[in-house]
Every structure is written in structure tokens, then in C-alpha cells.
Amino acid sequence: MNENIRDLSVTFLTEELGVIVACDSSGAIGLKEQDQVEVPPEITSAFCLRVPLMEILAVGGVPKIVIDTISNEMNPTGNLMLTGIKTELKKTGFDDVLINGSTEENMTTTMTSIGVTVIGSIEKKSFVYGKIIKGSSLYQVGYPYVGEAVLKNQDKIFSYQDLLNLRQQEGVLEMIPVGSKGILYEANQLAKSSKLIFKENNQAENLTQSAGPATVLLVAVDKEVVPVLLNDKIPIKKIGTFIREN
């Protein structure tokens, strides 16, 4: 296998072991003159890292390297962003991940900008993709927040541990974090990977709203299974099923 899958790039170097890559970017979110959302740089970088980390963990990958491309000066913005990246990695339990990157030292910048790429390893036996079956249910974990709403609702946003716990629950078939493309887009991506169609129910809402830095997780489960979260502050509901095209 050597292809782009959803927002991931996957290539297998041997029959069993491969490399998996995900990335994200953020602009105009920080403390500079032309930023549109006022946020400390360390929070900007942490949430930018969150997206590709979630994408890799959701399919069974293990992060190994983080590359940050910061379009701002090293001091103070770059250093603060590195602090945010290191703090976020500690939350995952993968704080031994290598970090590399670059900053902009030639030009004076007036808007905060960062790109983050995560490179990981993936074992074929652990690769969770295209596992959904006809009649499976789709659950929405979390609510789509973006911009300042993310900061105001941090206690209602699922964690890395929530994702890892869900991945280990019996009957959980596949997961995908939702970002700026919205719930419906990602639900359809899940369906497409298993040659199925997603059919929403009357509980589904805000399906096209951006979920910012992966504030929603979609969890596909066996028909009779209900995924369980330990944090009762995070909303979870069934939003549809997967059917076979006639």
C-alpha cells in the first residue's frame, strides 16, 4: 500500500510495517497584530498538533516525529509554540517523540502561523481502516467548536485517553476525528472506505459546521454496541447508521 487515505498518507515499507503521515496548519490565531482570534501561541500550537495526532492514533498508528514549520520569529513566538507542542505530547504519553522544525527569521511577521506534520509508524495488523459493516451505528463524541468557543469549552472536548479507551472497547469498528470539513463529510469518508452509505437520523445536527481542532470524534460500532466515555461532561449520541447501496 502506498496511498493517501482521507487526511493520511500511508506507505508500507515491508509486508507488516509502514509509515503514516498527517498534518495540519493554523493561521491568524495568536497574539500578533493581525490575528483574528486572540490566543497565546502555546495554545495555538497545541491545538494544531492535536489534529494530526488524533488522526494517526485513530487508525492505530504510533507517533514518532513531529515537525513544526513556524512562520514567525523564534523568540518569543517560536519558543512559546514549542512549549505548547511539548506539553501536548505529554498528554498523549508519547513525550519521547522527536521534534524538528523551522522558524521565520528573515521577515517581520504580523500574523501568527504554524504548520505541524506528524510522522508515525503503523503495523498492518493494527491498521484500522475499512472495517465498518452494513448495519453499523455511528456515534458523535463531542460538539463542533471553533475559534473562541474551543477555549470556552475545553472541559467538554474529548482527550487522547478518551480516544485510546474507545479504540480498545469491544464492538468499536473504526474512528475518525472531525475538523474543519465537518461531521457529514467525515461520516461519508468513513462510509466510502467500507463501500457503504451513511444515513443520518433525527439526532444529527450541525453536520456541516467546522469542528475546529478535532473537537468531535466519530465512532462506528457494531449495531447493538453503545460506546462508553468515562468523562460525562462530553456529549455522545447516535447520529446514524451505515447501509448498503441498492
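Is one or more of the residues making up segment 38-48 surrounded by fewer than 16 Cβ atoms within 10 Å (Cβ to Cβ) and either modelled with pLDDT under 95 or in the same structural domain as Leu217 (by TED's automatic domain parsing) (or both)?
yes
Scan segment 91-122 residue by residue and report those that are outside any loop (DSSP other than H, G, I, E, B) and over 17 Å from the mean Cα position of the chain (by Cα). Steps first, answer last, please.
Of all residues in segment 91-122, those outside any loop (DSSP other than H, G, I, E, B) come to 91-92, 98-102, 113-122.
Answer for segment 91-122, where residues must be outside any loop (DSSP other than H, G, I, E, B) and over 17 Å from the mean Cα position of the chain (by Cα): Leu98, Ile99, Asn100, Gly101, Ser102, Ser113.
Surrounded by 21 or more Cβ atoms within 10 Å (Cβ to Cβ), more than 24 Å from Val228 (Cβ to Cβ), in contact (Cβ under 8 Å) with a residue 12 or more places away in the chain and touching a helix residue (DSSP H, G or I) at 6+ places or on another chain (Cβ under 7 Å) - does that describe any residue in segment 102-112?
yes
Would you call Pro177 modelled with pLDDT under 95 and either under 15 Å from Ile132 (Cβ atoms) or not assigned by TED's automatic domain parsing to the domain that holds Leu8 (or both)?
No, not satisfied.
How many residues are assigned to a loop (DSSP other than H, G, I, E, B) and either among the hydroxyl-bearing types (Ser, Thr, Tyr) or surrounded by 17 or more Cβ atoms within 10 Å (Cβ to Cβ) (or both) when one looks only at segment 143-179?
Residues meeting the conditions: 7.
If the Cβ limit is 7 Å and pairs must be 6+ apart or interchain, which residue in segment 141-165 that is in the same structural domain as Glu205 (by TED's automatic domain parsing) pairs with which residue that is charged (D, E, K, R) and in a loop (DSSP other than H, G, I, E, B)?
Correct list of pairs: Asp155/Lys233; Lys156/Lys233.
Can Thr77 be described as modelled with pLDDT of 95 or more, surrounded by 11 or more Cβ atoms within 10 Å (Cβ to Cβ), over 28 Å from Leu163 (Cβ atoms) and not aromatic (Phe, Trp, Tyr)?
The answer is yes for Thr77.
Could you pull out every one of the strands (runs of 3 or more DSSP E) wholly within segment 1-90 that has 1 or more residues that are without any contact (Cβ under 8 Å) to a residue 24 or more places away in the chain and not polar (S, T, N, Q)?
In segment 1-90, the matching strands (runs of 3 or more DSSP E) lie at 2-5.
Given the conditions (1) modelled with pLDDT under 95; (2) among the aliphatic types (A, V, I, L, M); (3) farther than 20 Å from Lys181 by Cβ, and given that Val51 satisfies all but one, which numbered condition is not satisfied?
Result: Val51 passes all but (3).
The values are calculated or read from the model by the stated rules, or taken from the named source; none is laboratory data. None of the values given here were measured: they were computed from a predicted structure. We place every Cβ from the backbone using ideal geometry, glycine too, and count neighbours over all the protein chains shown.
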